[in-house]
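Below: one structure, written as structure tokens.
The values are calculated or read from the model by the stated rules, or taken from the named source; none is laboratory data. Here the structure is a predicted model, which is why all the values come from computation and not from measurement. Every residue, glycine among them, receives a Cβ derived from its backbone with ideal geometry; neighbour counts consider all protein chains shown. Only protein heavy atoms, including side chains, enter the accessible area calculation; ligands, DNA and RNA are left aside. Shrake-Rupley method; radii C 1.70, N 1.55, O 1.52, S 1.80 Å.
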Amino acid sequence: MLRFNRLLLPLLILLLPALASHAAAVKTGAQVAAEDGFSVLKGKKFGLVTNATAMVEGRHLLDLMIASGTSPSVIFGPEHGLRGKAEDGVRIADAAEGDIPVLSLYGDRKKPRPEDLAGLDLLVFDIQDIGARFYTFISTMGLAMQGAAEAGIPFVVLDRPNPLGGNYVSGFVRESGLSSFTSLFPVPIAHGLTVGELARMVKGESMLPGLDRLELTVVRMEGWRRSMRWPETGLPWVPTSPNIPDYETSLLYAGVGLLEATSASEGRGTREPFKLAGAPSVNGAKLSENLNARALPGVRFEPATFSPTAIPGMSSNPKFKDLPVGGVRIEITDQSVLLPVETGVSVMAAIYESLPEAEKKSFFRKGIDLMAGTTLLQSSLELQLSPDEIQHLWRAEVEAFRKSRERYLIYSR
């Protein structure tokens with residue numbers, strides 16, 4: 001069987017000095033389960049929803065399970081595939097990992113079918129999320145929960161940190177009429193929940209039908225606090241997808257990712273996705289001056305000219321392929337205070353304002369309301385509301401969400 005620790009060996013070699021210098025401050029749910037000998041799984045036939053991010057101290061969860069004599073009967077893979085190498089939006093085919101079938105949840109099915117779960121005693125989820133509502137791993141989790149409920153089997157979440165921290169909550173709460181695979185739950189863009197906490201809330205608030213009788217277990221982390229962003233966990237970053245290669249990119253994605261639903265470039269087709277943004281008609285010097293004048297916390301902007309190209313495995317057909325694009329390079333100066341959603345909305349507003357009137361008419365793409373979770377973002381920018389005024393629009397609903405999520409929180413401070 002092809003083992004994940006061999007697939008990720010080059011990455012792990014690079015990480016060894018950091019790993020040796022200090023022990024991680026946080027034990028993930030997967031590590032806690034492994035140290036307990038996977039007692040929750042002993043004697044069970046189970047399915048595993050996972051990908052390449054399910055690492056435990058340099059070894060993949062699947063290897064640890066096999067070594068302990070506790071192998072899954074079937075594996076389910078999310079968007080980007082089991083190994084996390086496929087580009088966004090690319091449909092994934094079913095495959096196999098040795099003699100274990102690997103069924104795609106990003107192809108003909110997005111939810112495990114009854115026949116996929118037949119004979120199983122439970123379903124386990126272990127994927128590293130990045131804390132943004134429109135990142136599809138949490139949608140996969142929700143639909144897998146629904147599949148488990150329909151099959152009458154328990155669902156177990158091996159919890160992992162929210163890289164944005166547990167205190168940062170921001171962005172519009174998704175409106176009821178705008179449900180999609182990229183915005184499945186009525187939560188803010190940055191929800192501030194771990195996947196385990198989110199699973200509890202999805203069930204408790206009936207965010208998907210049929211979950212009232214689901215038996216849900218969360219294997220909790222040790223050492224994680226709400227105030228922690230990723231660097232404080234001491235855990236190595238494993239790329240969650242081809243265009244999220246490092247933590248800084250994941251931090252920006254929750255806001256700059258909104259540009260995916262516009263005509264502007266979000267940096268795909270470069271080696272700095274979501275750290276570059278612009279359009280061919282944009283004057284980078286003026287754009288950076290405008291953005292720096294806002295004095296956004298933890299970030300500064302430099303003028304940049306870049307030409308997106310086809311990068312197999314990252315972006316085969318980026319916007320403005322092989323054309324010069326004027327814009328900005330986003331430099332993070334302090335990860336601990338950066339506000340991802342506010343930063344992204346400010347970048348979007350500044351780019352929109354800088355465009356000629358003819359280009360403004362085609363700036364917003366069909367999916368902007370689904371991604372933003374509201375019709376208000378587009379209409380606010382078209383009415384030339386400032387980023388501060390736009391942020392004011394979501395404050396009351398964010399506060400209401402904070403109150404409703406309280407009883408589902410597992411971790412303090």
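Okay, here's what the table says:
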{"item": "Per residue accessible area of the chain, 1.4 Å probe, in Å²", "result": "39"}
{"item": "Square roots of 5 times each gyration tensor eigenvalue, C-alpha, the chain, largest first, Å", "result": "35, 23, 21"}
{"item": "Cα-projected label distance for Phe181 with Ser227, points at 7 Å along beta-carbon direction, nm", "result": "4.0"}
{"item": "Extension gain, Leu393 back to Lys366 (0.36 nm per residue minus Cα-Cα distance, nm)", "result": "7.5 nm"}
{"item": "Residue-averaged [θ]222 nm for the chain, counting only DSSP H segments that reach four residues, each worth -39500 (n - 2.57)", "result": "-9000 deg cm²/dmol"}
{"item": "3J(HN,Hα) from dihedral phi, region 158-169, Karplus parametrisation 6.51/-1.76/1.60, rounded to Hz, x for glycine, proline", "result": "8, 6, 9, x, 7, x, 7, x, x, 9, 7, 10"}
{"item": "Candidates Gly234, Gly269, Gly142, ranked by Gaussian network fluctuation over the chain, Cα under 10 Å, top entry", "result": "Gly234"}
{"item": "Rounded to the nearest 20 debye, dipole of region 109-216 from Cβ charges on Lys, Arg, Asp, Glu", "result": "280"}
{"item": "Cα gyration tensor category, rounded, prolate or oblate, for region 249-398 with a/c compared to 1.5", "result": "rounded"}
{"item": "Pairwise FRET efficiency - Glu215 versus Leu383, Cβ, R0 = 60 Å, nearest 0.05", "result": "0.80"}
{"item": "Region 111-173, relative contact order in percent, only Cα pairs under 8 angstrom and at least six apart counted", "result": "47"}
{"item": "Charge dipole (debye, nearest 20) of region 42-118; +1 at Cβ of Lys and Arg, -1 at Cβ of Asp and Glu", "result": "260"}
{"item": "Centre separation in Å (Cα based) which lies between region 101-143 and region 369-413", "result": "27"}
{"item": "DSSP-loop trypsin sites (Lys or Arg not before Pro) across region 161-270, with at most 14 other Cβ within 10 angstrom", "result": "Arg213"}
{"item": "Check: region 56-95 dipole with +1 on Lys, Arg Cβ and -1 on Asp, Glu Cβ, in debye", "result": "100"}
{"item": "Subset of Lys85/Lys321; Lys286/Lys319; Lys366/Lys403; Lys203/Lys361; Lys44/Lys110 violating a 29 Å alpha-carbon distance limit", "result": "Lys366/Lys403; Lys203/Lys361"}
{"item": "Accessible surface of the chain [probe 1.4 Å, protein heavy atoms]: carbon and sulfur percent", "result": "52"}
{"item": "Among Val157, Gln335, Ala34 the positive-end extreme of the charge dipole of the chain (Cβ point charges)", "result": "Ala34"}
{"item": "Pairwise FRET efficiency - Ser412 versus Lys42, Cβ, R0 = 41 Å, nearest 0.05", "result": "0.85"}
{"item": "FRET efficiency for Ser73 and Ser316, using Cβ-Cβ distance with R0 set to 41 Å, rounded to 0.05", "result": "0.75"}
